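This report refers to the structure that appears directly beneath it.
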């Protein structure tokens, strides 16, 4: 667990889910500064927190990598022992489930730049003995994927049956197919595209500014002192609006008041139920996520562009050798379904076997974390079509 | 100009457009506290800043009231003398234009709660001699409309050919038809609905929080000291995203970088052109708008519900006697076109002559301030169909 800052980041992680026997770490890029990032800057050592489910076959060819979204962690399936939180795709990962752990060896790790055990801005910079904070270098989706590749090599994985994820997880899955075309047999990318949209960048910028205008942020030097809770909470509120949809809010809250009564109607705070819900979502994240990680990971999303480093976007797509399953969500206002469908069309033009499906759901972008029945059926269908 | 705070609000207004001969003010609700708000709280005196264009007929029946949106003011048409800014609907108001000042007497006033000359949180509370700040009472769209009615009575207007506006302006137009059904012959409401949506409330809440987490906000007591510029700027950035659309951002910026070059690609600030554009929009508003007004007017939008005060939403609609022209914008993510169309359907069920039209535009909600050619044709069509 080299490079882990026990004071701050560990507290966040403990709040999210307590440490347990089954926690796994790998430290790579030693000696220091030996991991070369896409930006040209070197980083190291890099510690990776990961989870595995099921058993790797002797040929190392039954693995599936699950990639998490912005504020997720390696705990995708059932926790190895009793934890506070359930895995974020627990309904989909396990014996007999869509990602059947009796057949597949499932791996999920916390991304580079994260705050759940993998080196990120809250980790200790071994050169200074203090947290990196804003001295942490900008990382990209491609950097995350390269770390995951080293982890999988270490675990003896030779081939991936699939790389699957939603949102930022889908970005990683798509990047896998471009960066390591010969290792991946399929990609399942939900609510994700080949390059992040300008409106996505716009919302992410607003979220970053929310953190950065909080005076407690102190240019990222808040470790050991107070977190910029208000800023992070507001960032999460903006994010949550874009992860849902007006349909979803209409169904759940409409214009109903949080505290009924005429008096409250002319109050300023938390008047409507939807406001109270958002404040609650905002507050919750401040007990489990590092604000600087939020800045770096949202920046990595902004930088997501499969074409970077190749002569064109199409040249990057042409590298892909696997089947690509793309799912758009009908009410997604962050990754518009027409964009996801557009990527499928562009991939097919580049000779990729890309299949598009649309999930009809009122719940917006976050549907991949909500509509488990539909996700279960979809993933089963994708994986069985590989046989 | 009773109740106007020269120190702060006036500075804002001066920045927006300098004072000129033709500026008009009306002070109503004297003695103090004689204007009873929907909340049950009394306010007064109330000063209203307004503009008129064209001449009122002797019968007082050729008037059109133009209602402005969130950060607008009374300068809708051509300024009476050379000003820094053009009127926000200047292309539509004037001799021979859609709102033909050779035929119609056009009136536009700054809304109650605003900061361009009408009493709002930056105005002086005559009881204390200091700005109201957050002691200003919550005001509603209905309160704004009641102030406008008093102004029109004062000007001798007997009948309104139309009340027209977009966004919060459309809310006022619709409220006019419900509150004063016998005075209004038509309503032209663009990108507006009968009650604000939960996602609209959600975004407004985020915008208000942006202002309120800025330490310079000081619970609204910033007059005479620094404005919460960063907070207001962020509020405007969030707002601007919702006033545009991904299509619009794709067309204008795509993923292009503000400062080209590999180095900037891995920087944190203003990397993408869309970020730079939004920062510019955010900064601009801090030189022309009062943050507390932003809080009160966005709250008034949240409270917009034509049904409040009546036994039902339908009961309110059934009061309407005039033709209602509703226009939705195809890419609007704040007032979804299906919602606007839904209001037209509901109105017709209630016996109202409501007509729906959709403006196909990539520019999102703000199209009513951008697509002047289409707006011109639409308004001409609406007004000529009244003859």
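The values are calculated or read from the model by the stated rules, or taken from the named source; none is laboratory data. In this text, all values refer to a predicted model and were calculated from it rather than measured experimentally. Reconstructed Cβ throughout: ideal geometry from the backbone, glycine too, with neighbour counts over all protein chains shown.
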Here is a check on your reading of the model: is residue B:167 touching a strand residue (DSSP E or B) at 6+ places or on another chain (Cβ under 7 Å) and more than 14 Å from chain A (Cβ to nearest Cβ)? no
Got a sec? Which helices (runs of 4 or more DSSP H) wholly within region B:265-356 have at least 2 residues that are within 17 Å of the chain's Cα centre (by Cα), within 12 Å of chain A (Cβ to nearest Cβ) and within 21 Å of residue A:250 (Cβ to Cβ)? B:291-303
Can you tell me which of (1) farther than 17 Å from residue B:167 by Cβ; (2) surrounded by 15 or more Cβ atoms within 10 Å (Cβ to Cβ); (3) out of contact with any strand residue (DSSP E or B) (no Cβ under 7 Å at 6 or more places or on another chain) is the one residue B:352 doesn't meet? (3)
Could you give me the residue pairs with C-beta distances under 8 Å whose first residue belongs to region B:80-105 and is under 17 Å from residue B:161 (Cβ atoms), whose second residue is modelled with pLDDT under 95 and surrounded by fewer than 19 Cβ atoms within 10 Å (Cβ to Cβ) wherever it lies, and which are 6+ apart or on separate chains? B:93/B:78; B:94/B:78
Of the listed residues (B:370, B:320), the one being in contact with a helix residue (DSSP H, G or I) (Cβ under 7 Å, 6 or more places away or on another chain), assigned by TED's automatic domain parsing to the domain that holds residue B:173 and either in contact (Cβ under 8 Å) with a residue 40 or more places away in the chain or closer than 29 Å to residue B:114 by Cα (or both) is B:320
Failed condition for residue B:381, given (1) surrounded by fewer than 17 Cβ atoms within 10 Å (Cβ to Cβ); (2) part of a loop (DSSP other than H, G, I, E, B): (2)
Within region A:216-231, of all residues that are outside any helix (DSSP H, G or I) and within 14 Å of chain B (Cβ to nearest Cβ), the one surrounded by the most Cβ atoms within 10 Å (Cβ to Cβ) is A:228
Find the residue count for region B:231-270, including only residues that are modelled with pLDDT under 90 and in contact with a strand residue (DSSP E or B) (Cβ under 7 Å, 6 or more places away or on another chain). 4
